[in-house]
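The values are calculated or read from the model by the stated rules, or taken from the named source; none is laboratory data. Everything numeric in this text was worked out from a predicted model, so none of it was measured. In this analysis, Cβ positions are derived from the backbone assuming ideal geometry, glycine residues included, and neighbour counts consider all displayed protein chains. The area values use the complete protein model at the heavy-atom level, side chains included, leaving out ligands, DNA and RNA. Shrake-Rupley method; radii C 1.70, N 1.55, O 1.52, S 1.80 Å.
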Amino acid sequence: CKMTHCSQDRVGGIQKSVRVPGEPICLEGKKKQMLYVGRLCISEKNPIRLLKIWRRLHSVFQDWSVIIVGSGDAEIEMKRYARLHKLPRVCFEGHQTNVGNYYRAASIVCLTSNLEGWGLALTEGMSYGCIPYTFDNYGAAKDIIDNEINGCLIKPFDLRQYAAKLSAVMSNDC
């Protein structure tokens, strides 16, 4: 490659990381799981919000579970919150190097961040057929999700609305 002065054996392509479905997403064949993938960091990602949302939903959706993949300084606080509020069906999977099987199994991928640049977990989840949910508090959210078409944008930090929007999908088998 002459313009950049690099050898061609060191240049390669990157496959498109996100599959754009040709038809609406159907949850048939997926597990009834809400998935969080990312750092467990309160100041940026604030994943404990997902547990607060789950607290509103778990008694109604007894066949659903929450899977949390990641590690960080909020892990102990999150486990304590789950125990304190006796939240059932919450699985802490820790740091994983291959998250494909988690996305493949889950129906919904959730972000509850205070801030994001690009919600990579959302686009990764979408590539595996997960329905993405996130707060509408960063510019890229609207680039990733067409609200209520291929996912859901939630009024920033409104846990009640987040739970209601999840409930609508969780109540539907397909």
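Say we look at the stretch 160-173 and pick out the residues that are at pLDDT 95 or above and open to solvent by 30 Å² or more (accessible area, probe 1.4 Å); which of these is nearest to ALA105 (Cα to Cα)?
Step by step, filter the stretch 160-173, then rank; the result is SER167.
For residues in the stretch 1-34 being open to solvent by less than 60 Å² (accessible area, probe 1.4 Å) and within 30 Å of ASP63 (Cα to Cα), which is modelled with the lowest pLDDT? Break it down stepwise before answering.
From the stretch 1-34, those open to solvent by less than 60 Å² (accessible area, probe 1.4 Å) are 6-7, 18, 21, 25-27, 30, 33-34; that's our starting set.
Keeping just the survivors that are within 30 Å of ASP63 (Cα to Cα) gives 18, 21, 25-27, 30, 33-34.
Working: VAL18: 52, PRO21: 49, ILE25: 59, CYS26: 65, LEU27: 74, LYS30: 95, GLN33: 98, MET34: 98.
It comes out as PRO21.
Residue-wise test of (1) among the charged types (D, E, K, R); (2) closer than 19 Å to MET126 by Cβ; (3) in contact with an Asp or Glu (Cβ under 7 Å, 6 or more places away or on another chain).
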{"residue": "LYS32", "(1), (2), (3)": "yes, yes, yes"}
{"residue": "LEU35", "(1), (2), (3)": "no, yes, no"}
{"residue": "GLY38", "(1), (2), (3)": "no, yes, no"}
{"residue": "ASN46", "(1), (2), (3)": "no, no, no"}
{"residue": "ILE53", "(1), (2), (3)": "no, no, no"}
{"residue": "ASP63", "(1), (2), (3)": "yes, no, no"}
{"residue": "CYS91", "(1), (2), (3)": "no, no, no"}
{"residue": "HIS95", "(1), (2), (3)": "no, no, no"}
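Any idea which residue in the stretch 131-174 is nearest to the chain's Cα centre (by Cα), counting only those that are more than 16 Å from ASN46 (Cβ to Cβ) and among the hydroxyl-bearing types (Ser, Thr, Tyr)?
Here the residue is SER167.
Those residues that are small (Gly, Ala, Ser) and over 25 Å from ASP63 (Cβ atoms), I need them from the stretch 128-174; list them, please. Please lay out each step first, then the result.
First, the residues of the stretch 128-174 that are small (Gly, Ala, Ser): 129, 139-141, 151, 163-164, 167-168, 171.
Scanning the stretch 128-174 gives GLY139, ALA140, ALA141.
Between a residue in the stretch 38-59 that is closer than 15 Å to ARG160 by Cβ and touching a residue at least 40 places away in the same chain (Cβ under 8 Å) and any residue that is among the small types (Gly, Ala, Ser) and not in a helix (DSSP H, G or I), which pairs come within a Cβ distance under 9 Å, given they are 6 or more apart or on different chains?
ARG49/SER113
Could you please find all residues in the stretch 70-90 being on the phi < 0 side of the Ramachandran plot and open to solvent by 60 Å² or more (accessible area, probe 1.4 Å)?
So in the stretch 70-90, the residues on the phi < 0 side of the Ramachandran plot come out as 71, 73-85, 87-88, 90.
Across the stretch 70-90, the qualifying residues are ASP73, ILE76, GLU77, LYS79, ARG80, ARG83, LEU84.
Could you list, in sequence order, the residues of the stretch 33-64 that are farther than 19 Å from ARG80 by Cβ and either in a loop (DSSP other than H, G, I, E, B) or under 13 Å from the mean Cα position of the chain (by Cα) (or both)?
GLN33, MET34, LEU35, VAL37, GLY38, GLU44, SER59, VAL60, PHE61, GLN62, ASP63, TRP64
Restricting attention to the stretch 35-66, which residues are open to solvent by less than 50 Å² (accessible area, probe 1.4 Å), more than 19 Å from HIS95 (Cβ to Cβ) and not β-branched (Val, Ile, Thr)?
ARG49, TRP54, LEU57, HIS58, PHE61, TRP64, SER65
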